[in-house]
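What follows draws every value from the coordinates through simple rules; no lab data is involved. Just so it is clear, the model here is predicted, and its values are computed rather than measured. Heads up, the Cβs are rebuilt from the backbone with ideal geometry, glycines too, and the neighbour counts pull from every protein chain shown.
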Amino acid sequence: MSTRRQGPKRLYERHVILQMAGRRIETDIYSEEGFNALAELWTRSAWQRRISYGLTWMGIPIIQLPEDILMMHELIYKVKPDVIVETGTAHGGTAVFYASMLELLGKGRVISIDIEIRRNNRLAIQAHPMSKHITLLEGSSVDESVVTRVRQMIKPGDRVLVALDSNHSFDHVKLELEKYAPLVTPGSYIVVFDGVMRILADAPNGKSEWASNNPGLAADDFLARHPEFEIDPCYNRLTVTYCPGGFLKRKT
């Protein structure tokens, strides 16, 4: 009878000591506090290592965390929008992702806006099988002529979801929220990406001004003046996210 050799048992410390925001914290990694602290550290470290830049959706760079992609999938399936308005096209990965979700739902279209859509990115998007669901608009997302064109492309009765992921300054996102939130139908959402910048101000490749100049603060400012919207914490439940507090639901 043969016996199977087992390797040494791996032991983990239950309690860890963390230095965070100038505080020394001893926490149980299995507690809620420990989980939240480790999630924040992972988010910071993954951002520094540019993890999201290595991900693609159906062959196109998406520049999003897997956790946020999964939450957006849940949100789109729940809302079942007729139109998804996206600011910030970049390589086009999120536009293709949104379009692929709409393809599965059997309806809908994506309006993707960027101040500059580079030729190679435009060609890659236009050649993609999901391009039939995508309309590209070039121009500043806060330019009134661009906003007017978006409004004209939305039909009466369309269910609209908005995702903001362009210029990440406080002033720009504040303007985007004011201009695009009225398009969001009751029960749908406007999602503010990259509020995570506020916890990355002291990261090695971060910028100190991010502590007071970021999309998260713009979302806070917007919510204080627009009681018809509220944060839906459901879509931050994985804790690792670039959109902390960024899923804003229009109340029904």
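Looking across the range 126-177, the residues that are among the polar types (S, T, N, Q) and within 18 Å of the chain's Cα centre (by Cα) come down to Ser141, Ser166, Asn167, Ser169. Of the residues making up the range 49-81, those that are aromatic (Phe, Trp, Tyr) and touching a Leu at 6+ places or on another chain (Cβ under 9 Å) number 1. If I ask for residues that are in contact with a strand residue (DSSP E or B) (Cβ under 8 Å, 6 or more places away or on another chain) and either acidic (Asp, Glu) or exposed (fewer than 15 other Cβ atoms within 10 Å of the Cβ) (or both), which ones from the range 100-125 would you list? Matches in the range 100-125: Asp114, Glu116.
Each row is one residue, and each column tells you yes or no for (1) out of contact with any strand residue (DSSP E or B) (no Cβ under 8 Å at 6 or more places or on another chain); (2) free of Cβ contacts under 8 Å to residues at least 60 places away in the same chain; (3) over 23 Å from Glu86 (Cβ atoms).
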site: Ala37; (1), (2), (3): no, yes, yes
site: Ser45; (1), (2), (3): yes, yes, yes
site: Gly54; (1), (2), (3): yes, yes, no
site: Gly59; (1), (2), (3): yes, no, no
site: Gln64; (1), (2), (3): yes, no, no
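Among the strands (runs of 3 or more DSSP E) confined to the range 135-252, there are none with at least 2 residues that are β-branched (Val, Ile, Thr), surrounded by fewer than 16 Cβ atoms within 10 Å (Cβ to Cβ) and free of Cβ contacts under 8 Å to residues at least 12 places away in the same chain.
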